[in-house]
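Chemist: One structure, as structure tokens, below. Some questions next.
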Amino acid sequence: MKTMNQSIVRCICFILVGVLLVAWPEAAILYLVIAIGAMFLIPGLFSVITYLLRGRKIGMPFPLVSVGSALFGFCLMVMPAFFVSILMYVLGVILVFAGISQIASLLSARSHAVVSFGYYVIPVLILLAGLVVLANPFAVATIPFIILGVSSTAYGIAELINLYKFRKKEERGVSTGVVI
């Protein structure tokens with residue numbers, strides 16, 4: 001019975017995380033950037049503190065890269081929305097240039113061979129994706145978190161249903177081979 005309770009708690013956690021990701025994907029992005037910032041800040045600070053405590057005594061060089069890492073992590077933690085928007089704009093520009101480049105290559109290839117309309121579909125879609133990202137970068141950044149949230153919620157619900165279904169069979173003495 002103890003493992004059954006742990007399984008139910010796990011399913012409820014998956015459902016809650018999924019609902020939260022669907023309800024507030026913008027917050028999830030910001031917290032992810034803050035967590036990445038902490039991953040830059042903490043090791044950077046640790047190296048600088050280690051240098052200040054012991055490094056000068058043994059002649060270690062000043063950890064300039066660690067200072068940069070700590071400052072970058074601090075900036076990520078203080079201004080996460082700024083970094084998300086910059087990243088999305090860079091991605092949008094890359095997609096626009098990639099789409100234009102592919103279209104230009106296909107137009108150039110027309111002088112040597114017949115290029116049917118179907119070859120232009122993917123480059124045009126890439127170009128349009130880049131334009132959508134540039135038009136609304138923050139909304140586009142939330143889509144993966146919404147998908148993750150829906151998937152997490154669906155997993156939690158499906159697992160709860162399976163637990164209920166298989167527990168009933170095991171109570172009747174039917175072995176399912178599933179470990180709960």
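Chemist: What residues have an amide H closer than 5 Å to that of W24, excluding those fewer than 5 places away on the same chain, when H is modeled at 1.01 Å from N in the peptide plane?
Modeler: Sorted by chain and number, the residues that satisfy this come to none at all.
Chemist: Given charges of +1 on the Cβ of Lys and Arg and -1 on the Cβ of Asp and Glu, with all other atoms neutral, how large is the dipole of the chain about its Cα centre, in debye to the nearest 20?
Modeler: 580 debye
Chemist: Once fully extended, how much extra length lies between I86 and I143, figured as 0.36 nm per residue of separation less the alpha-carbon to alpha-carbon distance?
Modeler: So the extension gain works out to 18.8 nm.
Chemist: Within 15 Å, Cβ to Cβ, of S66, how many net charges do the neighbouring residues add up to if Lys/Arg are +1 and Asp/Glu are -1?
Modeler: Its environment carries a net charge of +2.
Chemist: Between rounded, prolate and oblate, where does the chain land on the alpha carbon gyration tensor, with a ≥ b ≥ c its root eigenvalues, rounded for a/c under 1.5, else prolate if a/b exceeds b/c?
Modeler: It comes out oblate by the Cα gyration axes.
Chemist: Quote the relative contact order of the chain in percent (integer), defining contacts as alpha-carbon pairs under 8 Å separated by 6+ residues.
Modeler: Computed over the chain, the figure is 36 percent.
Chemist: On the accessible surface of the chain, probed at 1.4 Å, how many percent belong to carbon and sulfur atoms?
Modeler: Heavy-atom surface of the chain belonging to carbon and sulfur, 1.4 Å probe: 76 percent.
Chemist: Let me ask something else. Given points 7 Å out from each Cα along the Cα-Cβ axis, report the I49 to F97 separation in nanometres with one decimal.
Modeler: So the label points at I49 and F97 sit 4.1 nm apart.
Chemist: Here's another thing I want to ask about it. Tell me, what is the per residue accessible area of the chain in Å², probe radius 1.4 Å?
Modeler: 67 Å²
Chemist: In addition: Longest segment of the chain with no trypsin sites (Lys or Arg not before Pro) in a DSSP loop having at most 16 other Cβ atoms within 10 Å?
Modeler: Maximal segment without exposed cleavage sites: 1-109.
Chemist: Could I ask something else about it? Using the alpha-carbon centroid of each, what span in Å lies between the range 74-117 and the range 121-164?
Modeler: 20 Å
Chemist: Given the rule -39500 (n - 2.57) for each run of at least 4 DSSP H residues, summed and divided by the residues of the chain, what is its mean residue ellipticity at 222 nm, to the nearest 500 deg cm²/dmol?
Modeler: -28000 deg cm²/dmol
Chemist: Please state the shape class of the range 18-103: rounded when a/c is under 1.5, otherwise prolate if a/b exceeds b/c and oblate if not, all from the C-alpha gyration tensor.
Modeler: It comes out oblate by the Cα gyration axes.
The values are calculated or read from the model by the stated rules, or taken from the named source; none is laboratory data. Keep in mind it's a predicted model, so treat the numbers as computed, not measured. Neighbour counts are summed over all protein chains in view; Cβ atoms, including those assigned to glycine, are modelled from backbone coordinates with ideal geometry. Accessible surface areas use protein heavy atoms only, side chains included; no ligands, DNA or RNA. Shrake-Rupley method; radii C 1.70, N 1.55, O 1.52, S 1.80 Å.
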